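Here is the structure we will look at.
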Amino acid sequence: MRLTDVLKRGLMGRMRWLVIPAAAACVLAATAAGTTGASGSVDQSLLQIEQVGARLSRTPAAVENVAKAASDRGISEASQVQPLLETAARSSFKTDSMAAEISKAVANAGDDGVDPKPLAKAATALEEGQAKIARMTEAQDQTAAKDIETRLADPDNGPRISQLANLMAGPDLAVEAAFTSQLMYLSLEALSNSDTEELASASQGKLQSQMPNVISALRSRNENEKPIPKDTARANEKAQLTFALATLSAQDLSVLSDFYGSPGGKAKRDALVESYRQVSDRANTEMLGQYFSALADYLKTHPRPQQQ
C-alpha cells in the first residue's frame, strides 16, 4: 500500500484511530510499565512503541463502528442493542489492570542488555512520525507523501524498514483488535439468527461457559470475517507502521532494528504479544458473557418480529 494511495482513498478515518498524541501515549506507557531502572525504562519504551495502553483503552469505542457496519449490512436492531454491547465492552476491558499484566509479562521475559536512553528517544521519534503521517493524510499532502515513498523505494532503507516492521508487535496487536471487532459483530449478528430466542431462556452460567468455544471457533475462521478480516488488519497496520518508520533518522532506525533483532528484544516482544492475546481473550469472554446476558433480558421484552 503506497502512502499516496492512502491519501487518494481517504483512509484518514482508519489512520486516526491508530495514532495518539505523543504526550498521551507517554502517560499510558508509563502507567503500563509501572517499573523503574534501566530494564523498566526499556519495557516502558517497548509498551510506548507498541501503543499498548492506547490500543486497550480505545477498544470499547470500536463498538460504534462495528454497530454501523452491522446496520449497513441489514441488522436493523444493531443500533438498539449497541448500548448493551458498549456497556459490556467498557466493563470488561479494564485498561490499567490489563496493561499492568502485560507489563509484568514483558518484565519477566529476561534481561535485554539494551541502553534505555536511545530506545526512549526512538520511541518518541516514532510517535512523532505517526502523528506526522496522520497530519499528512488529513491534509492530503501528496508532496510529503512522495518524500516518504522515495525513502521506502531506496534499495538500502526500504528493505530495512520493511524488515523492522515485520519484527514489531503492531501487526499482531492489530489482529487482536480486528478479532475483538469480529466478536462484537458476531454479538450483534446474533439478533438476526433464527435461534436467537433461545438466549432468552439460557442461564447466565450456560452462556458464560459457551464463550470460550465461541472465541476459539472464531479465531480459527479465515473466511467471511466481518467487519474486517484479520489479515487485512495486519496488512493495514504494517503499511501504516512502515510509513511512520520512514520518517525516522538512520540512528533511530538502527536502535529499533538492533532492539527488535536482539534475543532479549525478541523475547520481550513475544511476551508482549502473547500476554496481550491472553488478557484480550479474558476480556472478550467477559464482554460476550455480559452482553448475551443483557441481550437475553432485552429479548424477553422485544420478541422477534416474526413472532408478533
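The values are calculated or read from the model by the stated rules, or taken from the named source; none is laboratory data. For clarity, every value in this text was computed on a predicted model and none was experimentally measured. Cβ coordinates were reconstructed from backbone atoms using ideal geometry, including for glycine residues, and neighbour counts include every protein chain displayed. For accessibility, only protein heavy atoms count, side chains too; no ligands or nucleic acids. Shrake-Rupley method; radii C 1.70, N 1.55, O 1.52, S 1.80 Å.
Side notes on the structure shown:
- Accessible-area ranking of Phe259, Phe292, largest first, probe 1.4 Å: Phe292, Phe259
- Highest mean first, the peptides 181-191, 75-85 sorted by other C-beta atoms within 10 Å per residue fall in the order 181-191, 75-85.
- Segment 98-233 - Kirkwood radius from inverse mean 1/r over Cα pairs (Å): 19.5
- With 0.36 nm allotted per residue and the present C-alpha distance subtracted, the Glu128-Asp258 stretch has 44.8 nm of extension available.
- Efficiency of FRET from Cβ geometry, Ala235 and Asp270, R₀ 22 Å, rounded to 0.05: 0.60
- The percentage of C-alpha pairs in segment 165-294 whose separation is greater than 24 Å is 42%.
- Placing pseudo-labels 7 Å out from each Cα toward the beta carbon at Asn222 and Asp141 gives an inter-label distance of 4.0 nm.
- Each of Lys121 and Gln204 was given a label point 7 Å from its Cα along the Cα-to-Cβ line. The distance between the two points is 5.4 nm.
- For segment 241-298 and segment 41-117, distance of Cα centres in Å: 9
- Full extension of the segment from Thr87 to Thr150, taken as 0.36 nm per residue of separation minus the current Cα-Cα distance, would add 18.1 nm.
- Extension gain, Asp111 back to Asn213 (0.36 nm per residue minus Cα-Cα distance, nm): 33.1 nm
- Of Lys104/Lys266; Lys104/Lys230; Lys94/Lys132; Lys146/Lys266; Lys132/Lys238; Lys117/Lys230, those spanning more than 24 Å from alpha-carbon to alpha-carbon: Lys104/Lys230; Lys94/Lys132; Lys146/Lys266; Lys117/Lys230
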